[in-house]
């Protein structure tokens, strides 16, 4: 059996929990009521430890998804959950300028410690009015050309699967995993 460990990180309200729930056969979340007034305007619940999901690909291949909290005060969980990852998804709410600004900070700090780990960027909420294009997200976050920035709708299974399968292909190539 081969287990892929995939981390999903990004700013508050970017769609991490939704992505895990959309993709997973079995999922668990540690969502709690939002307590900070500035965050309550965006949503009522937030992840405080992690989201976890499992996908059985068949033939002995399993994907374990670990979604991180988005707020900086929980950033210690990013380091804990990132140990032993095969790849990660940086998910950005492409309708929210604050998400993009915070995504820049997350990308810069996370990349420093995980330079040798394959990743993709999800330009999430592409189905909503005012969504910024994946090309503009690439530019804002200074994403290298070889890293896919994928238009995503985390509530849509096909869109979520396209994102994950792109990352898994990169992981298989990078880590030289025999399929």
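The values are calculated or read from the model by the stated rules, or taken from the named source; none is laboratory data. Remember, it's a predicted structure, so these values are computed and weren't measured experimentally. Ideal geometry is used to build each Cβ from the backbone, glycine not excepted, and the neighbour counts take in all protein chains shown.
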For this session: State all residues of segment 1-10 that are over 8 Å from the mean Cα position of the chain (by Cα) and at pLDDT 95 or above; if no residue qualifies, say none.
Result: 3, 4, 5, 6
Exercise. Looking only at segment 137-156, which residues are in a helix (DSSP H, G or I) and either within 18 Å of residue 15 (Cα to Cα) or in contact with a strand residue (DSSP E or B) (Cβ under 7 Å, 6 or more places away or on another chain) (or both)?
Worked result: 137, 138, 141
Exercise. In the list 165, 159, which residue meets the criterion of being modelled with pLDDT of 95 or more, out of contact with any strand residue (DSSP E or B) (no Cβ under 6 Å at 6 or more places or on another chain), surrounded by 17 or more Cβ atoms within 10 Å (Cβ to Cβ) and assigned to a helix (DSSP H, G or I)?
Worked result: 159
Exercise. Which condition breaks for residue 129 when tested against (1) farther than 24 Å from residue 24 by Cα; (2) out of contact with any helix residue (DSSP H, G or I) (no Cβ under 7 Å at 6 or more places or on another chain); (3) part of a helix (DSSP H, G or I); (4) at pLDDT 95 or above?
Worked result: (3)
Seminar exercise, completed: Counting only residues in segment 102-123 that are touching a strand residue (DSSP E or B) at 6+ places or on another chain (Cβ under 9 Å) and not in a helix (DSSP H, G or I), the one surrounded by the most Cβ atoms within 10 Å (Cβ to Cβ) is identified as 122
For this session: Residues being in contact with a strand residue (DSSP E or B) (Cβ under 9 Å, 6 or more places away or on another chain), part of a helix (DSSP H, G or I), touching a residue at least 40 places away in the same chain (Cβ under 8 Å) and surrounded by fewer than 21 Cβ atoms within 10 Å (Cβ to Cβ): count how many of those fall in segment 79-101.
Result: 1
Exercise. Is one or more of the residues making up segment 59-68 surrounded by fewer than 11 Cβ atoms within 10 Å (Cβ to Cβ) and either at pLDDT 60 or above or outside any strand (DSSP E or B) (or both)?
Worked result: yes
